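Novice: Take this structure first; my questions come after.
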Amino acid sequence: MSSVQILSSTTVHAPNHSNHHTIDLTPWDLQFLTFGFNQMGFLYRHHNKLDTTNQILHLKHSFSSTLNFFQPLTGRLKITEYEDNTISCSINCNNEGALFVHVVAKNISVADILEPTYLPPIHHSFFSLNGVKNYHGTSIPLLAAQVTELVNGIFIGITINHVLGDGYLFSHFTNSWARMSKGCLKISLLPNFERWFPKGIECPIRFPFTIEPQEYHSSDENEGKKLNPPERIFRFTKENIAELKFKANLEAGTKNISSLQALFTHIWRSFIRSKNLDPQIEVSFVLDLSVRQRLVPPLQEDYFGNAVIECVVTMKAGELLEDGGLGKGALKINKMISLHSDEKLRSHYENWLIKPSFVITPDDVVNNNSLVIGSSPWFDVYGNDYGWGRPVGVRSGSADKRNGKIYVNAGVEKGNLELEVCHPYEILEAMRNDQEFMMCPPNVSSKL
């Protein structure tokens, strides 16, 4: 496959920006300073010969119009240093602009992206701002959209600084841009970017943080030094998932286990089986838990900052893989989630102020026995119709890829799920040959 060629790179401003202000950030936001940007892209097939020149211009115009409703995305991060060796970080809504990049990928077709068993690494080049950390947002755009022309289609890759918001912001922006591109003048919900702070919290929050001395430099040379793990997609139908939920609840003797908890445990078990671990080895399952509806009162629907915390479930490999292990693992995930009450979440928030911690992606995780879940099936990724139909594929970028990382997205059909799995080839092949995993599950039927 040929490499991509950049045709243009433009800074786009919110046309009607008039409110120059700063937004103080919460521990939920600040924890992502050391993490990479969020990246998700959408693949479209041309059903007829489109005028690509007008198509790109239209996308650029609707992108600009959408930014009017998401003005913090055209700003920059502002880091203030204090004499006591602490800093504070805020969003400076100064309308310095978002990035819009037009690229052509000669000789690459939609089939080249969709059909291979293992996802071709070329699609990582369909995203801008690869290799950056969120704290670089002081000097580079917080949002980038890259439109890549293929032989018979188009790929829209979107990159957003994670400090600005979690998957809810990402999904709402992409859905809103698609809506504006189809001719709507308004979006479905006006976002509120002001943050939630408990009473008594002094803003801006000050904390110790060492800023790396080198500035970010965008270069293929730097990006090429990092080798992302192989990736492939496993798909589950709503019938598969219902059977897993039934089996997990049956094994655990409960009705509380959700579909996702059962599915996550199912793939966790296959992952551990494929590694042939000692039964006494401890293995971990990591997921981001949304706190929106767990606070009292819950956060408003229009809250578009980060509102997630990282949760970890640990078990011995043998305990997870024994008979009844699906129910046992899923119940442990269920109980871990249920522990996160309003009181616990507020305590977690305030403890961060005493001992700040930051999300990182380890460089050497080849022998790591943890499985990490990203993204969410609640986001309408296949609903992003920019005017020429729904996407035929959804892919994440290279940011924060690691062995053991899984991106969970809604499938093309309602109720189905797609898991974009990052593992070494031998693990992915073992999972593909794992009869219990692929049959999902055997000898169980349910009409749940």
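Novice: Filter region 55-75 down to residues that are buried (at least 20 other Cβ atoms within 10 Å of the Cβ) and not in a helix (DSSP H, G or I), then give me how many there are.
Specialist: So the count comes out to 2.
Novice: With (1) of a type in the set (A, V, I, L, M); (2) out of contact with any Lys or Arg (no Cβ under 7 Å at 6 or more places or on another chain); (3) under 21 Å from Gly397 (Cβ atoms) as the list, and Ile91 as the residue in question, which single condition is left unmet?
Specialist: (3)
Novice: Cβ-Cβ under 6 Å, sequence separation 6+ or interchain: first residue in region 102-121 and farther than 18 Å from Arg432 by Cα, partner open to solvent by 50 Å² or more (accessible area, probe 1.4 Å) and assigned to a loop (DSSP other than H, G, I, E, B). Which pairs?
Specialist: Ile108/Met1; Ser109/Val151; Ser109/Asn152; Val110/Asn152
Novice: If I filter region 339-350 for residues that are closer than 30 Å to Gln280 by Cβ, modelled with pLDDT of 95 or more, open to solvent by less than 80 Å² (accessible area, probe 1.4 Å) and not charged (D, E, K, R), do I get at least one hit?
Specialist: Yes, region 339-350 contains a residue that is closer than 30 Å to Gln280 by Cβ, modelled with pLDDT of 95 or more, open to solvent by less than 80 Å² (accessible area, probe 1.4 Å) and not charged (D, E, K, R).
Novice: Going by the conditions given, is Phe100 open to solvent by 10 Å² or more (accessible area, probe 1.4 Å), aromatic (Phe, Trp, Tyr) and under 30 Å from Asp24 (Cβ atoms)?
Specialist: Taking the combined requirement at face value, the residue does not satisfy it.
Novice: Also, quick follow-up: Could we say that Phe358 is surrounded by 19 or more Cβ atoms within 10 Å (Cβ to Cβ) and at pLDDT 90 or above here?
Specialist: no
Novice: Can you give me the number of residues within region 223-248 that are part of a helix (DSSP H, G or I) and open to solvent by 20 Å² or more (accessible area, probe 1.4 Å)? Step through it out loud before you land on a result.
Specialist: Our first condition is that a residue be part of a helix (DSSP H, G or I); within region 223-248, this holds for 223-224, 238-248.
Retained after the next criterion (residues that are open to solvent by 20 Å² or more (accessible area, probe 1.4 Å)): 223-224, 238-240, 243, 245-247.
The qualifying residues number 9.
Novice: Taking into account only those residues within region 110-138 that are assigned to a loop (DSSP other than H, G, I, E, B) and touching an Asp or Glu at 6+ places or on another chain (Cβ under 9 Å), which is farthest from Phe37 (Cα to Cα)?
Specialist: Tyr118
Novice: Residues in region 34-50: is at least one in contact with a strand residue (DSSP E or B) (Cβ under 8 Å, 6 or more places away or on another chain), open to solvent by 70 Å² or more (accessible area, probe 1.4 Å) and under 22 Å from Asn306 (Cβ atoms)?
Specialist: no
Novice: Let me ask something else. Just need a number here: residues in region 398-434 that are open to solvent by less than 30 Å² (accessible area, probe 1.4 Å), farther than 21 Å from Thr159 by Cβ and of a type in the set (D, E, K, R).
Specialist: Summing the residues that are open to solvent by less than 30 Å² (accessible area, probe 1.4 Å), farther than 21 Å from Thr159 by Cβ and of a type in the set (D, E, K, R) in region 398-434 gives 1.
Novice: Report, by residue number, each residue of region 112-136 that is within 15 Å of the chain's Cα centre (by Cα) and open to solvent by 50 Å² or more (accessible area, probe 1.4 Å).
Specialist: The answer is Lys133, and nothing else.
Novice: Working carefully through the options Gly167, Gly157, Gly200, find the one that is without any contact (Cβ under 8 Å) to a residue 24 or more places away in the chain and either among the small types (Gly, Ala, Ser) or open to solvent by 10 Å² or more (accessible area, probe 1.4 Å) (or both).
Specialist: Gly200
The values are calculated or read from the model by the stated rules, or taken from the named source; none is laboratory data. This is a predicted model, so every value here is computed, not measured. Here the Cβ is made from the backbone with ideal geometry for all residues, glycine too, and neighbour counts use every protein chain on show. SASA here: full protein model, heavy atoms, side chains in, ligands and nucleic acids out. Shrake-Rupley method; radii C 1.70, N 1.55, O 1.52, S 1.80 Å.
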